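Peer 1: Below you will find the structure I want to go over with you.
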Amino acid sequence: MREVRSSANPEAVFTYGAPPLKFGPGASAEIGYDLGQLGARRVLVVTDPGVAATGHPARIAGQLAGLGLDARVYDGVHVEPTDRSLAAAAEYARASGPWDAFVAVGGGSSIDTAKAVNLMVTNPGDLMDYVNVPVGKGGAPAHPLKPLIAVPTTTGTGAESTTICVLDVLAQQVKTGISHPRLRPALAVIDPELTLSQPAGVTAAAGMDILCHALESYTARWYTTYEHKRPEERVPYCGSNPVSDMWSEKALGLLARSFTTAVRDGGSRQARSDMAMAATFAGMGFGNAGVHIPHACAYPIAGRARDFRPPDYPGTGPLVPHGMSVALTAPAAFRFTFAAAPDRHLRAAALLAPGADPPADPAEALPAALLRLMRDIGLPGGVAAVGFTEADVPDLVAGALQQQRLLATSPCPVTAEDLAGIFSRSMELW
């Protein structure tokens, strides 16, 4: 059996945090009231060009103006944010501010950009002062942030629930993040009606992000396997625990029921509602338990994209969407971690694929369920299909090793050799 992480001085405390939540068709029509309750008068609505074209951000800004708020739309968000795009957004906010509050309308890119902008206009220093080590300095904000209302229009990232902002650092060709409790939105407004315009390809890639959030948090190392922390040392990612488990299981059940339907029939309001709820539940799970190997491997895949660009994503230039990059190594990663927590992997497989015939090798149950789903929703058939070869494995491993905050959440230790094997076995999935 693969070594399971343990501690000589085990932790006995876990923490849980989540923003207030408003869920349901029409919920986005109440944002003006919510901002009024927060005392906001000047509000910056943050979105990307594709979401802006749907009219949702302008409608929300108009609603705010009708209630007497001074609202402006910034639609310059870069899909898969970079340090450069976040700096540009922060500069716009500084030049046009001050702002009492922010409203992020869009997918994880818009929500993460709004988190970074909020951080940069309320605290001193530069972006890299706050980016996680070893890529950045990993500093903590010294001052409180302004209220942020997160309004997801895609079903995937769960960014409306979390303390995390993800970005590409261009000079280092690495995807990394900023993580601190103060980044968590003040309110999450989930209106499934806003996701009806989400294309099939985006639904598939973003949905795999939901799935891996749920699976990784459910199989993360148990919170008592960490070293005991002092109060000031506690971080949002505390390991799997009874509360995060509940949300992860709920998310997996909703995905089993509605994921394929949402990709094939985007007009199904029930499927869209289930996916929106699953994204929120998974965010409430991984935002506290953490994620591990698939996300660590995803960051160099996305950060080193060359000539691949999937359908249904506007714009030009290379792009491996975050959820897609996470999914590509997930089957091999969960095959690797199986021995550290067999019961959890088998339970997750049963939730994701109820009634499926068990494979002869129990370690294949979860990878097999993932592979069936990935084929059904039209994902690329491996890391090679998005432009990488065996010759790239050392570089991909080096990028994954920079994600020590995530790798520390794996239920078993993972070495460079282990990561090389995961990348190699993920080159061709079928």
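Peer 1: Want the number for Gln270 to Gln37: 0.36 nm per residue separation, take away the alpha-carbon distance, what's left?
Peer 2: Working it through step by step, the gained length comes to 80.8 nm.
Peer 1: Compute the length gained on full extension between Gln173 and Ala29: take 0.36 nm times their separation in residues and subtract their Cα-Cα distance, giving the result in nm to one decimal.
Peer 2: Result: 47.9 nm gained on full extension.
Peer 1: Hey, what number do you get for the chain at 222 nm if only DSSP H runs of n ≥ 4 count, each worth -39500 (n - 2.57), divided across all residues, to the nearest 500?
Peer 2: That comes out to -13500 deg cm²/dmol.
Peer 1: Also: On the first, second and third principal axes, largest extent first, how far apart are the outermost C-alpha atoms of region 108-148 in Å?
Peer 2: 27, 23, 12
Peer 1: For region 26-190, what's the relative contact order in percent, using C-alpha pairs closer than 8 Å and at least 6 residues apart?
Peer 2: That works out to 23 percent.
Peer 1: Sticking with this one: For a quick check: with amide H placed at 1.01 Å from N, whose amide H comes under 5 Å from Val174's, ignoring anything fewer than 5 positions away on the same chain?
Peer 2: Val169
Peer 1: Between Arg306 and Ala142, what's the calculated FRET efficiency when r is the beta-carbon distance and R0 is 41 Å? Round to 0.05.
Peer 2: For R0 = 41 Å, the calculated efficiency reads 0.55.
Peer 1: So, one more: Count the net charge of all other residues whose Cβ sits under 15 Å from the Cβ of Ala89, scoring Lys and Arg as +1 and Asp and Glu as -1.
Peer 2: Overall, the nearby charge balance is -3.
Peer 1: Compute the length gained on full extension between Thr82 and Ala416: take 0.36 nm times their separation in residues and subtract their Cα-Cα distance, giving the result in nm to one decimal.
Peer 2: My answer for the length gained is 117.6 nm.
Peer 1: Another question, if that's okay. Radius of gyration and Dmax for region 26-190's Cα atoms, expressed in Å?
Peer 2: When restricted to Cα atoms, region 26-190 yields Rg and Dmax of 14.6, 46 Å.
Peer 1: List, in order, the whole-Hz ³J(HN,Hα) value for each residue of region 394-401 obtained from phi through the Karplus relation with A = 6.51, B = -1.76, C = 1.60 and θ = phi - 60°; use x for Gly and Pro.
Peer 2: Rounded to whole hertz, the list is x, 5, 5, 4, 4, x, 5, 5.
Peer 1: Under a crude label model (7 Å from the Cα following the beta-carbon direction), how far is Ala53 from Leu401 in nanometres?
Peer 2: Here the answer is 4.2 nm between the modelled labels.
Peer 1: Given H placed on each backbone N at 1.01 Å, which residues far from Ala101 in sequence or on other chains put an amide H within less than 5 Å of it?
Peer 2: Correct list: Arg42, Leu44.
Peer 1: Convert each backbone phi in region 203-213 into a coupling constant with the Karplus relation 6.51 cos²θ - 1.76 cosθ + 1.60 (shift: θ = phi - 60°), then list the ³J(HN,Hα) values in order as whole Hz, x for Gly and Pro.
Peer 2: Per-residue couplings from phi come out as 4, 5, 5, 5, x, 5, 5, 4, 4, 6, 4 Hz.
Peer 1: Okay, moving on. Where in region 200-226 is the amide nitrogen less than 14 Å from a point lying 7 Å along the Cα-to-Cβ axis of Val4?
Peer 2: Zone members listed by number: 219-226.
Peer 1: Each residue of region 110-120 in order: what ³J(HN,Hα) in whole Hz does its phi give by Karplus 6.51 cos²θ - 1.76 cosθ + 1.60, θ = phi - 60°, with x for Gly and Pro?
Peer 2: Those phi angles translate into 5, 5, 5, 4, 5, 4, 5, 4, 4, 4, 6 Hz.
Peer 1: Let me ask something additional. Once you have all Cα-Cα distances for the chain, histogram them in 20 Å bins from zero and send the whole-percent values.
Peer 2: So the P(r) values, bin by bin, are 29, 61, 11, 0.
Each reported figure results from applying straightforward, stated rules to the coordinates on display, with no laboratory input. All of these numbers come straight from a predicted model, not from anything done at the bench. All Cβ positions, even for glycine, are placed from backbone atoms using ideal geometry, and neighbour counts span all protein chains on display.
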